[in-house]
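> So that we are looking at the same thing, I have put the structure below in C-alpha cells.
The values are calculated or read from the model by the stated rules, or taken from the named source; none is laboratory data. No experiment lies behind these values; they were computed from the predicted model shown. Cβ: placed from backbone, ideal geometry, glycine included. Neighbour counts: every protein chain shown. Keep in mind that these areas ignore ligands, DNA and RNA; they rest on the heavy atoms of the full protein, side chains included. Shrake-Rupley method; radii C 1.70, N 1.55, O 1.52, S 1.80 Å.
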Amino acid sequence: TVAMSSRLDAIKSVYGVSVARNLIEIEASDNDPSTSVFEMHGYMSNANYAAKKITMVLFINDRLVECSALKRAIEIVYAATLPKASKPFIYISIVLPPENIDVNVHPTKREVSLLNQEVIIEKIQSVVESTLRSSNEARTFQEQSAGQSSSPRINTSKEVNLSPMPTGNFRLLKVPVHKLVRTDSLDPAGRLHAYTQIMSDRHLEKSASLNAIRSSVRQRRNPKDSLELTSVQELLDKINSNCDPGMTDIIRHCTYVGMADDVFALLQHNTRLYLANVVNLSKELMYQQVLSRFGHFNAIQLNDPVPLKDLIILALKEEDIDSECNDDDSLKEKIAEMNTELLKQKAEMLEEYFGIHIDEHGNVSRLPVILDQYTPDMDHVPEFALCLGNDVDWEDEKNCIQAVSAALGNFYAMHPLMLPNPSGEGLLFYKKKVEHEMFSEAETAWAQREWSIQHVLFPSLFFKPPASMATDGTFVQVTSLEKLYKIFERC
C-alpha cells in the first residue's frame, strides 16, 4: 500500500471496496494502571456486511499478531447480535506498554498473550457490542426484481382488484341475479366446513354460546391511553398513514368461508372470493394490538418459570437443524448467557410496557394477553426469546418499541403447527408412525387452530391493513360471482 495512505485506504486496497464501505470506526482505552493501560483504535464491519468466515487483522504496538481469545470474544458478539451467516471483518490496533505483552506463547511469536488480558478483551468486546447493536437499525437489503419473484401457491394476475364495490344509491334498482350475494358476514352459518363434515349434536348445542363469543369479540375495544409516549403515537400514526381503505372494508365486512390449506383462508366480500394469508394477517393484527394496548396488558401466567438461557440455546439448536450447520455448544452457551444478561437488565421496562415478566434469575414467568380468548403456540417461545436478544435496538426508544412489538406480533401470529396436519398429505405421516396418541393430539390442536381463526381472529380484525398487503400475496382475488354465473349459465 501507499506509505502515506490512511488505514481505511489500506484496508480498501488489500480487502476491497465492499469491505471498506461497510466499516465503522471504533475506539477504546483504559488509563488506569491498576487494571490495564492500553489504547485501541480500529474498524469493524456493520450489520450490512456478511462473509463466510471471520477476518481479524490485529496489530499490537504496530506488529501484526494474533490473539485467539480476543478473536473468539468478538465472534461471540457478532453471533449473538446478527444472523449466523454474518461473519465480521475487524481491524484493531492496540498500543500498550511492551512489558505487558508476552510474545513467547508461540514458536513463531505470532500468537501473543497480554497482561490483564480479560479486562482488555472485556472492554473491547463491550465497545464492539454497543456499536454493532446501534448499527443494526440501518440494515440495507438487495431488492429482488418483479420478474424473479414467484408465488408457490397462487398467481397474482390482472384479476386482482382489492377495491370495494361502489355502493351508490340503488334503492330503486333491482339487484341482478349474477350480483346477488347469498351470505352474510355477521352470520356464522353456511360456511365451507358445514359441507365437508357432519355437525354433531354437541356442536349444535354450542351454537348459541358461539354466537355470544363472536359478538363479544367483535365488540372488544382497546384502551385509548398508552402511557402517552411520543414514540408509540408516531408508530400508530405511521400505521394510519399506510392504511388501505379498500382492504379495510374487505376485512371488516367479509364472510369466512373456510381454510384452503394450512396458511390460506377463503373469504367472501360482496360478490368476490379472496385467498387471505392467515399468518400475515394475524401477525399484523397482533403488532397493532401491542401498540394499542401498550402498557395495559393482562397476563398469561406460566405454570413453571422457564429459564431464558435454556430457551435461547434451544432456539440456536433449531437454527442449526434448519441451516445444517452445527456450531459448538460453548458458543451457544456464550450467546445465551449474553442475551440473558441483556434481557435481565431490560426486565423492568419489558414488564412495565409489554407485560413480559423476567425475574432476577433470568426466568420468564408471565407473558401478555394480546388477543382475548387466544393463547399463542408455546412451541415458538424459544424463537421469541432469541429474537428479543438479537433483533432489538435498546438504545433508541422508537426502534426498541417497534422491534419488541414486531417480535410479539410474530410470536402470537397463528403459524401452522409443528405437528403435521392430520388431514390430506399429513395423514401419511401418522400412518407411518402408527402413533394414535400423536394423531389424536394433532387432530385436537389443528381443530383448535381453525376454531380460533374462524371465531377469534376474523371477528377481531378491527386493525388497519397496510397497502402492501395488496401486492405481497396476503390478499389475492380468486374469482367473482359474476364470472362464476356465466359459467353456470352455459351449463
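> Has region 271-279 got at least one residue that is under 19 Å from the mean Cα position of the chain (by Cα), in a helix (DSSP H, G or I) and farther than 19 Å from Met349 by Cβ?
Yes, region 271-279 contains at least one residue that is under 19 Å from the mean Cα position of the chain (by Cα), in a helix (DSSP H, G or I) and farther than 19 Å from Met349 by Cβ.
> Sticking with this structure for a sec: From the list Leu331, Leu314, pick out the single residue that is open to solvent by less than 30 Å² (accessible area, probe 1.4 Å), hydrophobic (A, V, I, L, M, F, W, C) and at pLDDT 85 or above.
Details: Leu314 fails: open to solvent by less than 30 Å² (accessible area, probe 1.4 Å).
Exactly one residue qualifies, and that residue is Leu331.
Residues checked against (1) open to solvent by 40 Å² or more (accessible area, probe 1.4 Å); (2) under 15 Å from Ala51 (Cα atoms):
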| position | (1), (2) |
| --- | --- |
| Ile90 | no, yes |
| Leu96 | no, no |
| Val103 | yes, no |
| Leu115 | yes, no |
| Val119 | yes, no |
| Glu122 | yes, no |
| Val127 | no, no |
| Ser130 | yes, no |
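> All but one of (1) crowded, with 21+ Cβ neighbours inside 10 Å; (2) assigned to a helix (DSSP H, G or I); (3) not β-branched (Val, Ile, Thr) hold for Ala73, so report the exception by its number.
Tallying (1) crowded, with 21+ Cβ neighbours inside 10 Å; (2) assigned to a helix (DSSP H, G or I); (3) not β-branched (Val, Ile, Thr), Ala73 fails exactly one: (1).
> For residues that are open to solvent by less than 20 Å² (accessible area, probe 1.4 Å) and outside any helix (DSSP H, G or I), scanning just region 448-472, find the one that is modelled with the highest pLDDT.
Pro465
> Here's a follow-up. Can you work out which of the residues in region 23-61 that are in contact with a Ser or Thr (Cβ under 8 Å, 6 or more places away or on another chain), in contact (Cβ under 8 Å) with a residue 60 or more places away in the chain and not aliphatic (A, V, I, L, M) is most open to solvent (accessible area, probe 1.4 Å)?
Asn48
> Here's a follow-up. Within region 372-392, which residues are part of a loop (DSSP other than H, G, I, E, B) and open to solvent by less than 10 Å² (accessible area, probe 1.4 Å)?
Answer for region 372-392, where residues must be part of a loop (DSSP other than H, G, I, E, B) and open to solvent by less than 10 Å² (accessible area, probe 1.4 Å): Pro376, Val392.
> All but one of (1) farther than 21 Å from Cys254 by Cβ; (2) at pLDDT 90 or above hold for Cys325; which doesn't?
(2) is the only condition that Cys325 fails.
> Tell me which residues, restricted to region 110-136, are small (Gly, Ala, Ser) and over 25 Å from Glu397 (Cα atoms).
Result: Ser113, single match.
> Based on what the data block shows, is Lys84 modelled with pLDDT of 85 or more, assigned to a loop (DSSP other than H, G, I, E, B) and under 23 Å from Lys332 (Cβ atoms)?
no
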